[in-house]
Amino acid sequence: MFELFIAKGYLWPSKGRLSLSLIGVISLFLISLIVWLLMLFFSITEGIEKNWLTKLTSLNAPIRITPTDKYYNSYYYQIDSIASDSNYSYKTIGEKLISQATDPYNSNIDEELPFYWPKDNSNDFVKNAFLSINKLKSKWPSIVAQDYEIAAALVQLRMKQNNETNFLTQASYISSFTEKSGQLLKLLQPPNINDINNLLLTSSNISSITQNIKIEEASINSASWQIPNSILKNEKHLLAFTQIDGNEIPYLIIPVSENDFNDVDAGELRYTDSKIIFTINETDYIIDETTPLLIDRDVDCIIKNQKIDSLEISINLQNKIINTTISINDINLKKIEILQQFDKEPLIEPPWVYYIEGSCQLPENGIILPTSYKGSKVKIGDKGFFSFNGITITSTQEQRINVRVAGFYDPGLMAIGNRIIIADQSTVHQINSTTQNIALDSFLSNGICVWFDNINKTNLIAKDIEEELTANEINQYWKVTTFYDYEFAKDLMSQFKSDRYLFMLIGIIILIVACFNIISTLLMLVNDKKQEIGILLSLGAKKRSIGMIFGVCGLAMGIISCFVGGIASYITLLNIDSLVNLLNYIEGQQAFNSAFYGESLPKEFSKTALIFIITVTPLLSLIAGLFPAIKACKVKPSEILRSQ
C-alpha cells in the first residue's frame with residue numbers, strides 16, 4: 001500500500017514495513033470484492049424483479065378497473081335482462097361500450113319493471129368510465145384502456161409427434177385478446193423453425209406459411225424426395241446401386257458422393273435414346289419412369305427461387321450440379337426469416353401472431369398459450385378445441401369451439417399466468433354467455449385494463465383515474481386496483497419489498513464488517529508512523545491536520561474499492577451468460593430455473609445499487625478512518641522523540 005502524509009505542504013513518503021503494505025492491499029481487495037458482490041447481487045435481483053413486474057403488468061395491466069356490487073345491482077346493468085333489444089341477457093362492458101342506447105328498455109313491448117328496482121339513471125357508467133380515462137391522455141400520453149373478459153373451459157390439443165398423435169387436455173382460464181395493448185409484445189415469443197416445420201406438416205393451407213417466410217438455408221429430405229427422371233436428360237451419368245429382383249429393379253439409390261459407396265457394387269445410370277438405362281456388371285436394365293430414384297442421405301441445397309409450394313434449387317450430386325424444382329414438403333428448413341411485422345394487411349394471413357404498424361393481430365381461431373405448454377411439446381400449428389357445457393332449455397350439453405395454436409407468451413412467475421390462454425374476444429364471450437353457471441372471481445370475469453409506459457407512476461395514475469371517476473359521479477360503480485393489490489400478486493409484491501430492504505440491511509452489515517479492516521490497517525499505520533507523527537507535530541502541524549490524514553486514507557480506500565468493485569461487476573454483468581454456462585456445466589444441469597429467473601439473467605447495471613454503494617461505502621470507510629485519526633491526534637511528540 002502507498003501512504004502519503006500531507007501536512008503544511010510537505011510530502012512524507014511512507015517507510016512502513018512490507019507486511020503493513022500487504023495488509024492494506026488485502027483490505028482494499030476485500031472491500032472491492034464485497035462491492036463487486038453487492039453490485040452484482042443488487043443488479044441481478046433488481047433486474048429479475050423488473051422482469052417479473054413487466055410480465056405481470058403486460059399481461060394483467062398495471063391498473064384494472066372492475067365493476068362494484070353497486071354496478072351489478074344498478075338499473076343500468078339489470079335492465080338488459082328484461083329488454084328485448086338486449087336479447088334478454090346481461091351485457092358485458094365491451095357490449096355496453098359499443099351499444100348505441102344507454103337504456104334498451106321499451107315499455108311498449110318489454111315486461112313491467114319490478115317495483116323494487118332502482119330508479120332510472122341516465123348516466124352511462126361504461127362510456128363515461130372510458131371518457132374519464134381518455135381525458136388523462138393530455139397528462140399521460142401513453143395511457144391505453146380496453147375491456148377484458150375471462151372465461152373458464154377445458155382445452156384439448158392434438159399434437160403430431162414422430163408420426164403419432166398425442167392429446168393434451170387441461171382446464172384453463174380463457175382471457176380475451178387485448179390488441180390495443182402494446183405491452184403484450186414484450187411477452188410474445190416469435191415462431192421458431194420447429195414451429196414452421198410443424199405447420200408445414202399440419203396446415204391445410206401451405207401458402208399462408210410460405211408467403212410469410214423467406215427460406216435462406218434448407219436441405220433435401222432423403223426419406224421423402226424422389227429424384228425426377230428428367231434430370232438425367234442433360235447427358236448426366238450417375239453412379240447408383242440397387243437390389244435386383246430377378247430382372248426387376250424396384251428402386252435405385254444414388255449416393256450424394258462417390259465416396260458413399262463403401263463396399264457396394266455400383267452401376268451407371270444414364271439417359272440414352274429416350275430411355276433411362278442402368279448398367280451393372282455389363283448388363284443393361286431399362287428403368288421404368290415409375291421406379292423411385294432416391295438419394296442415400298440428406299443434402300444441402302442452394303435456393304434459387306421460392307414459390308408458393310415449391311423451390312427452385314441446385315444441388316451437388318457426385319460433383320455434378322443438378323438444377324430442379326422440389327416441393328416444400330420434401331425439404332428440411334435450416335435457416336429462415338419469419339415475417340411478423342407488416343406495414344399493411346398481408347395478402348395471406350399468417351397462421352401465427354403478427355403485427356400491423358405495431359398493432360398485434362391474432363389469426364382466425366388462433367390462441368396464444370403460456371410457454372409452460374412447450375414442456376408438453378405443443379407447437380404453433382397444433383389444433384384442438386375448447387370444451388364447455390352449454391345450457392339449453394331442457395338440458396346441459398357439451399359444446400366445442402375449434403382453435404389452433406398461434407403463439408406462445410411468457411407469463412413469468414405468476415401462478416395464474418400459467419393457466420391463462422389468450423383467445424379472440426368473441427370466443428371468450430361465447431363461452432361466458434353459454435356457461436353462466438361457472439362462477440369466476442369478479443376481479444377476473446370482466447373489467448377494464450389500463451396500460452401505460454412507466455409502471456413507477458402507477459399510484460399517481462390510479463389516483464388521477466379515481467378523481468376523474470368522482471368528477472363524473474360514477475366512482476361508486478367502479479373499483480380501481482393497482483398491480484400492488486392484485487390478489488394473485490399481492491403476497492409476491494410484499495415479499496419483493498421486504499427482500500429489498502433485507503438485502504440492503506445485509507449489505508450494510510457486510511460493508512461495516514469489511515470496514516473493520518480499514519480500522520485495523522490504519523491503527524497499525526499509526527503505530528508504525530508514531531515517529532513521523534511526532535516530527536510533524538513538533539514542526540507545528542495541527543492535530544486536526546494529522547487526524548484528517550488518516551480520515552482521508554480511510555475515505556480513499558473506500559473510493560478506490562468502489563471504483564475497482566464497480567468496474568469488476570460491470571464486466572461480470574456483460575459476460576453473465578458465460579458465467580451461467582460455466583455453472584450449468586459444473587452442476588450438470590440448469591443452474592437457474594427459467595420460470596423464476598427468465599431465459600437469461602439480467603445484464604443491466606443497477607443505478608439504484610450504484611448510488612447506494614458509492615454513497616455508503618466511502619461514508620463507512622470515512623467513519624472507519626476516524627478511529628485511527630483520533631488515536632493519531634492523541635500522540636504526544638515529546639514522549640515519542642524521547643523514546644527514540
- Given the structure, is E3 at pLDDT below 80 and within 37 Å of the chain's Cα centre (by Cα)? no
- What pairs can you find where one residue is in region 277-296 and touching a residue at least 60 places away in the same chain (Cβ under 8 Å) and outside the structural domain of L252 (by TED's automatic domain parsing), the other is outside any strand (DSSP E or B) and of a type in the set (V, I, T), and their Cβ atoms are less than 7 Å apart, with a gap of 6+ or different chains? none
- Message: Considering only residues that are at pLDDT 85 or above and aliphatic (A, V, I, L, M), which ones fall in region 433-475?
- Response: I448, V450, I455, L460, I461, A462, I465, L469, A471, I474
- Any idea how many residues of region 96-122 are in a helix (DSSP H, G or I) and free of Cβ contacts under 8 Å to residues at least 12 places away in the same chain? 1
- Message: Let me confirm something: among T68, T92, T57, which residue is β-branched (V, I, T), surrounded by fewer than 16 Cβ atoms within 10 Å (Cβ to Cβ) and closer than 25 Å to F483 by Cβ?
- Response: T68
- Query: Does I303 fit the bill of being touching a helix residue (DSSP H, G or I) at 6+ places or on another chain (Cβ under 6 Å), under 30 Å from S204 (Cα atoms) and surrounded by fewer than 17 Cβ atoms within 10 Å (Cβ to Cβ)?
  - Reply: no
- Task: Given the conditions (1) assigned to a strand (DSSP E or B); (2) modelled with pLDDT under 85; (3) surrounded by 16 or more Cβ atoms within 10 Å (Cβ to Cβ), report the number of the one that T291 does not fulfil.
- Result: (1)
- Query: If you take the residues of region 378-403 that are modelled with pLDDT of 85 or more and in contact with an Asp or Glu (Cβ under 7 Å, 6 or more places away or on another chain), which of them is farthest from D195 (Cα to Cα)?
  - Reply: S387
- Taking region 352-377 on its own, how many of its residues are under 17 Å from K160 (Cβ atoms) and at pLDDT 90 or above? 1
- Message: Please determine whether any residue of region 102-113 is exposed (fewer than 13 other Cβ atoms within 10 Å of the Cβ) and of a type in the set (A, V, I, L, M).
- Response: yes
- Item | Cβ pairs under 7 Å, 6+ apart, first in region 302-328 and more than 24 Å from E349 (Cβ to Cβ), second of a type in the set (K, R) | E312/K304; I313/K304; S314/K304; K320/K236
- Query: Taking region 136-189 only, how many residues are of a type in the set (K, R), modelled with pLDDT under 90 and within 25 Å of I93 (Cα to Cα)?
  - Reply: 1
- G447 out of contact with any strand residue (DSSP E or B) (no Cβ under 9 Å at 6 or more places or on another chain) and touching a residue at least 24 places away in the same chain (Cβ under 8 Å): no
- Query: Quick one: I174 ticks every box in (1) of a type outside the set (D, E); (2) over 19 Å from P370 (Cα atoms); (3) surrounded by 14 or more Cβ atoms within 10 Å (Cβ to Cβ) bar one, so which box is it?
  - Reply: (2)
- Query: Can you tell me how many residues in region 177-195 are closer than 17 Å to K374 by Cβ and aliphatic (A, V, I, L, M)?
  - Reply: 3
- Task: Check region 463-476 and report whether any residue there is closer than 30 Å to P618 by Cβ and either in contact with a Leu (Cβ under 6 Å, 6 or more places away or on another chain) or surrounded by 13 or more Cβ atoms within 10 Å (Cβ to Cβ) (or both).
- Result: no
- Message: Just to check your reading of the model, which residue among I109, I98, I93 is closer than 24 Å to Q430 by Cα and touching a helix residue (DSSP H, G or I) at 6+ places or on another chain (Cβ under 6 Å)?
- Response: I93
- Query: Quick check: is even one residue across region 363-376 assigned by TED's automatic domain parsing to the domain that holds T169, under 20 Å from S426 (Cβ atoms), of a type in the set (S, T, Y) and within 21 Å of the chain's Cα centre (by Cα)?
  - Reply: no
- Query: Applying the selection to region 458-500, what residues are assigned to a loop (DSSP other than H, G, I, E, B), aliphatic (A, V, I, L, M) and under 13 Å from L53 (Cα atoms)?
  - Reply: A489
- Query: In region 244-269, which residues are assigned to a loop (DSSP other than H, G, I, E, B), at pLDDT 70 or above and among the aliphatic types (A, V, I, L, M)?
  - Reply: I244, I249, V256, A266
- Query: Which of the residues spanning region 308-335 are buried (at least 18 other Cβ atoms within 10 Å of the Cβ) and either at positive phi or touching a Lys or Arg at 6+ places or on another chain (Cβ under 7 Å) (or both)?
  - Reply: I313
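The values are calculated or read from the model by the stated rules, or taken from the named source; none is laboratory data. Here the structure is a predicted model, which is why all the values come from computation and not from measurement. Counting neighbours? That spans all protein chains shown, and the Cβs are built from the backbone with ideal geometry, glycine included.
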